[in-house]
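Okay, so here's the structure we're looking at.
The values are calculated or read from the model by the stated rules, or taken from the named source; none is laboratory data. Computed from a prediction, not measured in an experiment: that's the story for all the values here. We place every Cβ from the backbone using ideal geometry, glycine too, and count neighbours over all the protein chains shown. Surface accessibility is based on the protein's heavy atoms, side chains included, excluding ligands, DNA and RNA. Shrake-Rupley method; radii C 1.70, N 1.55, O 1.52, S 1.80 Å.
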Amino acid sequence: MGDSIATDVSNGTGIDKSTRAPRVRVARQPILDRNSSVFGYELLFREAQQEEVTFGEGNVATARVLTHTLIDIGAETVVGEHCAFINMPEDFLNGQLTVPLDPERYVLEVQEDAEPDGDVTDGIEKLRQDGFRICLSHSASSINAYDLLHLADLVKIDVLSLTADDLRRDVESIRMRAQVPLIAARVEVADTQD
């Protein structure tokens, strides 16, 4: 499904001798269109020794993905001509931290636990004014998804978190509220894609 690229901030040995920073993997999960062509890639952070995605401190993980993608590896190497989806913690969404990315290359992904308060809503509106596309993540636990739907350019639905009936109902509900393209997340077998 996805693949990863290991990198080191300095010397290719796996450890940055100046900071003893661990080797980092930027994993990319392809996002396919209906024809199974690559539309873009979701970028995820992993420590080199880990097989699972690290979901610890969101700001740290996001900052590492940005740093290693932009500086160490280069966005062109990681995603080629495609767009990159980056999970954005609330501190990036509400303007407390700057998003140092090219809006034409990157789609900012709002996680399902984002609080749709004034700061987040205002921050997302500002990011959209700056040219960023916003992808809203949606799953069975997304209680705030509809509150932010008016700000979304795309909606990513976790198909494995929903029953088939819930998925149909949620898709219909989203389509009634907004005319945005939908992305099916965690499609792991062809039967799910259909």
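Residues that are part of a strand (DSSP E or B) and open to solvent by 60 Å² or more (accessible area, probe 1.4 Å) within segment 28-44 comprise Gln29, Leu32, Phe39, listed in sequence order. Would you be able to say whether some residue in segment 108-117 is assigned to a strand (DSSP E or B), open to solvent by less than 70 Å² (accessible area, probe 1.4 Å), touching a residue at least 60 places away in the same chain (Cβ under 8 Å) and among the charged types (D, E, K, R)? Checking segment 108-117: at least one residue is assigned to a strand (DSSP E or B), open to solvent by less than 70 Å² (accessible area, probe 1.4 Å), touching a residue at least 60 places away in the same chain (Cβ under 8 Å) and among the charged types (D, E, K, R). Exactly one residue out of Leu127, Leu136, Leu148 is in a helix (DSSP H, G or I) and under 16 Å from Ser173 (Cα atoms): that is Leu148. Identify the residue in segment 151-166 that is open to solvent by 50 Å² or more (accessible area, probe 1.4 Å) and not hydroxyl-bearing (Ser, Thr, Tyr) and, among all such residues, is modelled with the lowest pLDDT. So the residue we want is Leu160.
Within segment 45-79, track down each residue that is of a type in the set (Asp, Glu), open to solvent by less than 60 Å² (accessible area, probe 1.4 Å) and modelled with pLDDT of 70 or more. If you could, list the steps in order and put the result at the bottom.
Quick first cut of segment 45-79, residues of a type in the set (Asp, Glu) only: 47, 51-52, 57, 72, 76.
Within this subset, residues satisfying the condition of being open to solvent by less than 60 Å² (accessible area, probe 1.4 Å) are 47, 72.
Scanning segment 45-79 gives a single hit, Asp72.
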